[in-house]
Amino acid sequence: MGWVLKEGLKYGLVLVIEEGGEIVGYLKAFTSRFKCLAHVLTNATMIVHPELQGKGYGGQLIEAYLREIEANMPHILRFELLPHRSNTRAIEFYRKHGFRWESMAFQKIRKPQGNFDSEVTLVWFNPNFSEEGLKRYHALLSRPIFCT
């Protein structure tokens, strides 16, 4: 888990939500080190403590996350989420917050029971994306990897 947090802090964004001094949820995602994919925020995970779900914390997290991207991450064009097709609650939640259903990878996820589920790609586009912001981000990447 530590490397995920480090990647998120260095190449992406991690937000937490606290209640009474305890972390009750977080949302993280990061970009690729490949310059051709540095405009995509992906590998997202959002978790809210099970006992606190349905109390608005998830909505607060996603709205704060999108505002932060708009305000301070002009190098990000796409923010991708990859829920399982069977997770209709999450899919509807993200669509309510402005994400579009883009595609589905059929039978990509193998469940513990041995059956398969599909993975959905949901996308939100940053209205404040700029090529100049992306060029500045490329300059910050340590040893950027170029796509061929």
Check your understanding: Being open to solvent by less than 70 Å² (accessible area, probe 1.4 Å) and over 19 Å from Pro127 (Cβ atoms), is that true of even one residue in segment 66-73?
Key -> no
Review point. Among the residues of segment 94-145 satisfying the criterion of being open to solvent by less than 50 Å² (accessible area, probe 1.4 Å) and in a helix (DSSP H, G or I), which is modelled with the lowest pLDDT?
Key: His138
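Consider Phe79 carefully, then state whether it is surrounded by 17 or more Cβ atoms within 10 Å (Cβ to Cβ) and in contact (Cβ under 8 Å) with a residue 40 or more places away in the chain.
yes
Looking at this structure, is Ile91 of a type outside the set (Gly, Ala, Ser), under 15 Å from the mean Cα position of the chain (by Cα) and in a helix (DSSP H, G or I)? Even if it seems obvious, please write down each step before you answer.
Working: of a type outside the set (Gly, Ala, Ser): yes; under 15 Å from the mean Cα position of the chain (by Cα): yes; in a helix (DSSP H, G or I): yes.
So Ile91 fits the description; yes.
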Review point. How many residues does segment 7-62 hold that are open to solvent by less than 50 Å² (accessible area, probe 1.4 Å), hydrophobic (A, V, I, L, M, F, W, C) and assigned to a helix (DSSP H, G or I)?
Key: 3
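Just checking, does segment 100-115 include any residue being of a type in the set (S, T, N, Q) and in contact with an Asp or Glu (Cβ under 7 Å, 6 or more places away or on another chain)?
no
Can you tell me which residue among Glu63, Glu132, Glu92 is of a type in the set (Asp, Glu) and closer than 20 Å to Ser32 by Cα? Explain how you work it out, then say what you get.
Working: Glu63 fails: closer than 20 Å to Ser32 by Cα; Glu92 fails: closer than 20 Å to Ser32 by Cα.
Just a single option satisfies the conditions, and that option is Glu132.
The values are calculated or read from the model by the stated rules, or taken from the named source; none is laboratory data. If you're wondering where the values come from, they're calculated on a predicted model, not measured in any experiment. Neighbour counts are summed over all protein chains in view; Cβ atoms, including those assigned to glycine, are modelled from backbone coordinates with ideal geometry. Please note that ligands, DNA and RNA were not included when accessible areas were found on the heavy atoms of the full protein model with its side chains. Shrake-Rupley method; radii C 1.70, N 1.55, O 1.52, S 1.80 Å.
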